[in-house]
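Let me begin by presenting the structure, written as structure tokens, before commenting on it.
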Amino acid sequence: MGKGGLTWRWFCAGLALVALTGLVVGCRRAPAAGASITLAGSTSVQPFAELLAEDYMSKGGKQSVNVQGGGSSAGIQAAETGAAQIGMSSRELKPDEKAVLYQFPIAHDAIAIIVNPTNHLDGLTSAQVRGIFSGVIRNWKDLGGPDKAITVISREEGSGTRGSFDEMIMKDAEVSPAALVQDSNGSVRETVAGDPYAIGYLSLGLVDPRVRAVKLDGVEATLATARSKEYPVVRPFLFLTKAEPTGTAKDFIDYVLSPEGQKILLREGLVPVDPNVGQ
Amino acid sequence: MSEEGRVTREGHPKRGRRRAGLSERGVERVLTVVALSAIGVLGLITVFIFIGGLPAIAKTGLWAFVSGHKWAPGRGVFGIFPMIMGSLWVTIGALAIGVPLSLACAIFLAEVAPPKTARVIKPAIELLAGIPSVIYGFMGLVILVPLIRTHLGGPGFSVLASSVVLGIMILPTVISISYDAMKAVPEAYRDGSLALGATKWQTIVMVLLPAARSGILAAIILGMGRAIGETMAVIMVAGNATMVPGSLLDPVRTLTSNIALEMGYAAGTHRAALFGTGVILFVIIMLLSILASFTTTARGKAKVNPKP
């Protein structure tokens with residue numbers, strides 16, 4: 001039995017050791033800024049930022065660039081509190097946010113209104129889109145289509161895409177509470193691809209053949225019309241910093257704004273901010 | 001039997017008492033600390049949720065927060081009534097689908113199935129509990145939602161889809177607990193009933209089920225807790241519209257989905273309002289647990305002194 005007690009003691013000591021090690025490892029802080037930087041925020045910007053970070057690091061940068069999601073509001077907050085060296089936003093800043101942050105537009109993105117490919121609707125006006133999303137227009141027959149209820153698909157509150165859509169299309173109208181809410185560009189696309197009577201909105205760069213972007217106010221949603229600002233719903237992708245960027249953060253932002261970085265964004269379907277790239 | 005019982009009640013097995021040394025007390029203390037730390041974590045979570053949520057509830061007013069029909073964080077309007085109703089609808093739906101299936105299955109396993117069959121089926125059902133909820137959600141999204149959309153109408157993302165998915169998800173919980181409750185009914189009850197000339201089915205309905213009532217109730221309440229707390233699978237098939245559903249085919253948003261959908265973005269009062277949603281959910285689940293332990297103890301006592 002004495003032996004049993006001994007084993008027990010070792011067992012408990014081991015348990016305590018494991019717990020302690022966990023605590024110590026868990027509480028150790030991430031390495032100081034300078035060596036590596038973190039980007040956090042908009043899930044619309046995230047995939048592009050990841051590509052840029054990968055390319056930047058492969059170009060022999062010793063520093064590592066981590067990219068995290070979280071959403072535009074979280075990105076703005078992360079930049080304000082310094083939790084991330086660079087915040088990412090896919091909507092314009094509000095005045096109080098503008099006052100405390102440095103912003104660097106890295107590209108522009110159009111928001112496409114998408115329907116199922118089997119839908120023969122050619123185009124909509126901004127007012128019609130507003131009517132559909134606010135629940136005033138509820139049936140495709142009011143738009144010259146079949147007598148079927150419209151399945152309206154929106155994004156969750158706080159999403160940058162939703163924020164830009166609210167600001168540029170809905171204006172003072174509210175998205176109807178009856179609208180379905182999907183929590184990412186991908187789920188919106190999936191839902192519209194699966195439902196012949198659905199309508200949704202997402203980043204132009206993410207439109208693929210399973211869904212169809214309709215004309216808005218008579219303008220086709222393409223990179224060219226987005227660049228010329230003919231297309232009515234174009235939003236900026238922003239990098240945000242709390243102070244004038246230095247070190248790796250500055251180096252990375254410079255790289256993103258260089259023709260090299262801008263070309264990657266163009267290739268991925270965004271409108272570069274550098275007027276010389278892609279013309 | 002009585003010898004064993006006495007030893008356990010005294011709290012120290014004989015061999016331990018003989019050697020009641022430092023190590024014995026040391027182990028007891030370590031175990032106490034570990035056990036208390038679990039409760040400590042629960043306490044911390046409770047405090048944290050309430051600290052996070054109360055400012056929003058105070059700002060909106062408890063009644064307005066709970067009974068408000070409109071959820072528009074962008075405009076500073078926080079009413080979670082549609083989500084409370086959503087959780088309620090979906091949970092009732094899940095119970096309506098899951099409980100009859102579970103009870104039938106538990107009765108079959110406990111009373112009807114030959115032991116060999118039961119030995120295969122029971123582990124298989126317990127395996128259901130190990131499937132991650134996102135898989136249930138994905139199956140619902142890919143199979144159930146289009147099925148409902150094409151055959152019943154509406155967008156497919158609906159109370160019905162969520163109820164079916166949740167109804168399947170609560171099966172293992174409800175089945176295994178009610179199975180255990182039925183197995184715990186003394187053999188003498190069955191023998192007595194059969195000896196009096198009752199058929200097997202009469203025995204099950206009139207003797208077995210009433211005798212196992214407390215356990216079955218506990219099973220249902222635990223299943224309800226699982227249904228109300230499930231998040232991932234529901235987000236994928238519910239449609240998440242912030243509206244009180246008018247029919248089974250309408251989209252719905254539950255309390256848990258509300259938190260999970262928006263937490264990544266929320267800041268300030270919006271964030272606090274999500275914690276507030278958590279507070280309400282917490283209170284609902286606490287009430288359920290209290291109800292569960294109350295029914296089990298109350299019925300349990302009644303069973304000790306059955307009416308003549």
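Please enumerate the residues belonging to region A:192-210 that are more than 19 Å from A:Ser126 (Cβ to Cβ) and open to solvent by 10 Å² or more (accessible area, probe 1.4 Å). Selection gives A:Ala193, A:Gly194, A:Pro196, A:Tyr197, A:Gly205, A:Leu206, A:Asp208, A:Pro209, A:Arg210.
Residue-by-condition table, conditions (1) modelled with pLDDT under 80; (2) touching a Pro at 6+ places or on another chain (Cβ under 7 Å); (3) of a type in the set (Asp, Glu); (4) assigned to a loop (DSSP other than H, G, I, E, B):
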{"position": "A:Ala30", "(1), (2), (3), (4)": "yes, no, no, yes"}
{"position": "A:Leu39", "(1), (2), (3), (4)": "no, no, no, no"}
{"position": "A:Glu50", "(1), (2), (3), (4)": "no, no, yes, no"}
{"position": "A:Glu54", "(1), (2), (3), (4)": "no, no, yes, no"}
{"position": "A:Gly60", "(1), (2), (3), (4)": "yes, no, no, yes"}
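For beta carbons closer than 7 Å, sequence separation of 6+ or different chains, a first residue in region B:108-129 that is basic (Lys, Arg) and a second that is open to solvent by less than 60 Å² (accessible area, probe 1.4 Å), the qualifying pairs are B:Lys122/B:Leu109. Within region A:246-257, the residues that satisfy the criterion of being touching a residue at least 12 places away in the same chain (Cβ under 8 Å) and surrounded by fewer than 23 Cβ atoms within 10 Å (Cβ to Cβ) are A:Gly247, A:Thr248, A:Asp251, A:Ile253, A:Tyr255, A:Leu257.
Does B:Leu194 meet the test of being in the same structural domain as B:Ala124 (by TED's automatic domain parsing) and without any contact (Cβ under 8 Å) to a residue 24 or more places away in the chain? Taking the combined requirement at face value, the residue satisfies it.
Here the condition is being free of Cβ contacts under 8 Å to residues at least 60 places away in the same chain, small (Gly, Ala, Ser) and surrounded by fewer than 18 Cβ atoms within 10 Å (Cβ to Cβ); of A:Ala224, A:Ala243, it holds for A:Ala224 alone.
All conditions in (1) in contact (Cβ under 8 Å) with a residue 12 or more places away in the chain; (2) in a helix (DSSP H, G or I) hold for B:Val205, with the sole exception of (1).
State which residue pairs qualify: first residue more than 7 Å from chain B (Cβ to nearest Cβ) and inside region A:177-203, second residue open to solvent by less than 30 Å² (accessible area, probe 1.4 Å) and of a type in the set (Lys, Arg) in any location, beta carbons under 7 Å apart, and separation of 6 or more residues or different chains. From region A:177-203, the pairs are A:Gln182/A:Arg155; A:Val188/A:Arg155.
Each residue in region B:258-271 was checked for being surrounded by 23 or more Cβ atoms within 10 Å (Cβ to Cβ), assigned to a helix (DSSP H, G or I) and in contact (Cβ under 8 Å) with a residue 40 or more places away in the chain, and 2 of them qualify.
Across region A:98-114, the qualifying residues are those that are touching a residue at least 12 places away in the same chain (Cβ under 8 Å) and open to solvent by 20 Å² or more (accessible area, probe 1.4 Å), and the one among them that is farthest from the chain's Cα centre (by Cα) is A:Val100.
Matching residues to (1) modelled with pLDDT of 90 or more; (2) open to solvent by less than 20 Å² (accessible area, probe 1.4 Å); (3) assigned to a helix (DSSP H, G or I):
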| position | (1), (2), (3) |
| --- | --- |
| A:Ser176 | yes, no, no |
| A:Val181 | yes, yes, no |
| A:Arg189 | yes, no, yes |
| A:Tyr231 | yes, yes, no |
| A:Arg235 | yes, yes, no |
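For region B:189-232, what are the residues that are open to solvent by 30 Å² or more (accessible area, probe 1.4 Å), hydrophobic (A, V, I, L, M, F, W, C) and within 30 Å of B:Gly137 (Cβ to Cβ)? Within region B:189-232, B:Leu217, B:Ile220, B:Leu222, B:Met224, B:Met232 qualify.
All conditions in (1) over 25 Å from the mean Cα position of the chain (by Cα); (2) away from every other protein chain (no Cβ under 14 Å); (3) open to solvent by 30 Å² or more (accessible area, probe 1.4 Å); (4) of a type in the set (A, V, I, L, M) hold for B:Ile57, with the sole exception of (3).
Checked across region B:62-83, the condition of being within 14 Å of chain A (Cβ to nearest Cβ), over 30 Å from A:Ala173 (Cα atoms) and open to solvent by less than 50 Å² (accessible area, probe 1.4 Å) holds for no residue.
Taking the condition in contact with a helix residue (DSSP H, G or I) (Cβ under 8 Å, 6 or more places away or on another chain), more than 14 Å from chain A (Cβ to nearest Cβ) and of a type outside the set (A, V, I, L, M), does B:Pro155 pass? In short, no.
Filtered by the rule that a residue be within 7 Å of chain A (Cβ to nearest Cβ) and on the phi < 0 side of the Ramachandran plot, region B:234-252 gives B:Ile235, B:Ala241, B:Thr242, B:Met243, B:Pro251. When restricted to residues that are β-branched (Val, Ile, Thr) and open to solvent by 40 Å² or more (accessible area, probe 1.4 Å), region B:166-188 contains 2. In this structure, B:Val164 qualifies as in contact (Cβ under 8 Å) with a residue 40 or more places away in the chain, assigned by TED's automatic domain parsing to the domain that holds B:Ala96 and either in a helix (DSSP H, G or I) or under 22 Å from B:Leu109 (Cβ atoms) (or both). Where helices (runs of 4 or more DSSP H) fall wholly inside region B:44-136, the ranges with 1 or more residues that are under 22 Å from B:Gly167 (Cβ atoms) and of a type in the set (Ser, Thr, Tyr) are B:81-107.
Listed here are the residues, each with its yes/no results for (1) within 11 Å of chain B (Cβ to nearest Cβ); (2) outside any helix (DSSP H, G or I); (3) of a type outside the set (S, T, N, Q).
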position	(1), (2), (3)
A:Gly69	yes, yes, yes
A:Glu97	yes, no, yes
A:Ile111	no, yes, yes
A:Thr118	no, yes, no
A:Gln128	no, no, no
A:Ile132	no, no, yes
A:Lys141	no, no, yes
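With respect to the conditions (1) under 21 Å from the mean Cα position of the chain (by Cα); (2) under 24 Å from A:Ile137 (Cα atoms); (3) acidic (Asp, Glu), A:Glu220 lacks only one, and its number is (1).
Examine region A:211-228 for a residue that is at pLDDT below 90, touching an Asp or Glu at 6+ places or on another chain (Cβ under 6 Å) and of a type outside the set (Ser, Thr, Tyr), and state whether such a residue exists. The answer is no, given that none of the residues of region A:211-228 is at pLDDT below 90, touching an Asp or Glu at 6+ places or on another chain (Cβ under 6 Å) and of a type outside the set (Ser, Thr, Tyr).
The values are calculated or read from the model by the stated rules, or taken from the named source; none is laboratory data. None of these values were measured; they are calculated from a predicted model. Positions of Cβ are backbone-derived with ideal geometry, glycine not excepted, and every protein chain shown enters the neighbour counts. Calculation scope for accessible area: heavy atoms of the full protein, side chains included, ligands and nucleic acids excluded. Shrake-Rupley method; radii C 1.70, N 1.55, O 1.52, S 1.80 Å.
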